[in-house]
Structures are given as C-alpha cells and as structure tokens.
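J.: My questions all concern the structure below.
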Amino acid sequence: MARARARSRSAGFTLVEILVVVVIIGIISAGVLLSVNLTGRDRELEKESDRLLALVNYAREQAELQTREYGVMFHEDGYQFLVYDARRGLWREIYEDDSLRRRKLPDGLDFKLSVEARPVVLTPTGDPSSQPADKRPQAKALKDVTSLKDATTPGHALGEDSTTLKDAKAVVPQVMIFSNGDLTTFEVTLEREGGMRSVTLTQDEKGQFIEKPLQEGTT
C-alpha cells in the first residue's frame, strides 16, 4: 500500500512544482520581450509602416487599372484614401474597396508629412475641415479648377466669387496618385510619441515608394 502511494506521488507533479515551472516560463518570456525592446524593435510601428507602404502601392495599381485619380489625406493620427469623382467634380471616400478605408493609428503613434520638400500641418482625424466633400455637405466642389495637378499646386489662383483656397484644401488630398501611377513628391514619417523611434516612407530615384530603415531617436 505504501509502495503504491509512493509510486503515485512520483508519477505526478505537485502544485508547487507546477507554479515553479509557470514562474520560470514567465521570467523567460519577459526576458525575451525585454531583449527585443532593447534591440530597437517596435512591432506596432513596423506593422503600421508596412501596411501604409503596401496600401499606397496597391492604390497606385488601382489608379492605373481604373485610369482614375486617387489620393491620400494624412491626419495627425490616421489617414484615408480618396478617389476623384469626375461626374460630381469632387473628392470622395472609397466605398468600393474596404482595403482603402479610413484608418486610425494606434495610440502613441503619429504622422509627420512633407510635400514637395515642405512640411504640412496635419489635423486630427475628427477635424471637420479635413473631411472630403462627400462628408461635408457645406463644402463646395472644385468646379473652377480645370486640372487636378493645378488643384494641388501651392498658390493656385481660385476665383474669389466661386470657391476659396480654404475650401480647396479641405477637399483635395495632400498626396496625389495619378492615373498613370505617378505620385506627388512627398515624405511621410511614422513616429513613436516623443520621437523615440520612427520610420520614413518616400520615393527613391526610380519613383518607387519605399520604406527606410527604422531610426532611433532621443526623448
């Protein structure tokens, strides 16, 4: 009888032994996560920058296939793709393709944008003035703008009696994706709050939209 009890005890694990194993696993896991963090990895930042890279290149393909002008409107904490509706004469959100829907960045991440080597002041996603015309009934369509490229040219003269420059900026994305696949020259930086880490996306000398290596900053 005593031998049977001894065998049953040796065949299993006590609660204390199980807890010790769980603690050891937790310590090892914490060590791995800490080492990854110390090496400069920021999975959330990398995931969002990879997503933006893929979506811009996807939108370029769609613009060429459909022979339509697309655009990207950046906010401090998110971005959205727009398409130019030639029939209505305004920019609108893309309802036909869920992959190009409006996206908001996770907390702690934000954008910095420069177009044609000039910094652009970005507004939060909730700012009504940054919404496309189809989301802002009070906004006027760009009826007097004869060229999409003219609409994105800084200082383009608009008739004072028709629509204002303020209205034009509200409905025109900062970055154009033309029907031939060309992009407005721009550079967007996705950074961790405080500038601790950042990833910059831009065009190379061949016109390809690329992602630069992650940069470590100082708080």
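J.: Give the order of 205, 17, 69 when sorted by the count of other beta carbons within 10 angstrom, beginning with the fewest.
T.: With the sparsest Cβ surroundings first, the list reads 205, 17, 69.
J.: Another question about this same structure. Can you work out ³J(HN,Hα) from phi for every residue in the range 119-126, in order, using Karplus 6.51 cos²θ - 1.76 cosθ + 1.60 and θ = phi - 60°, giving whole Hz and x for Gly and Pro?
T.: Each residue's phi maps through the Karplus curve to give x, 10, 7, 9, 10, x, 5, x Hz.
Each value in this text was obtained by applying a stated rule to the coordinates, not by laboratory testing. Remember, predicted model here, so these are calculated numbers, not experimental data. Backbone-built Cβ (ideal geometry, glycine too); neighbour counts: all protein chains shown.
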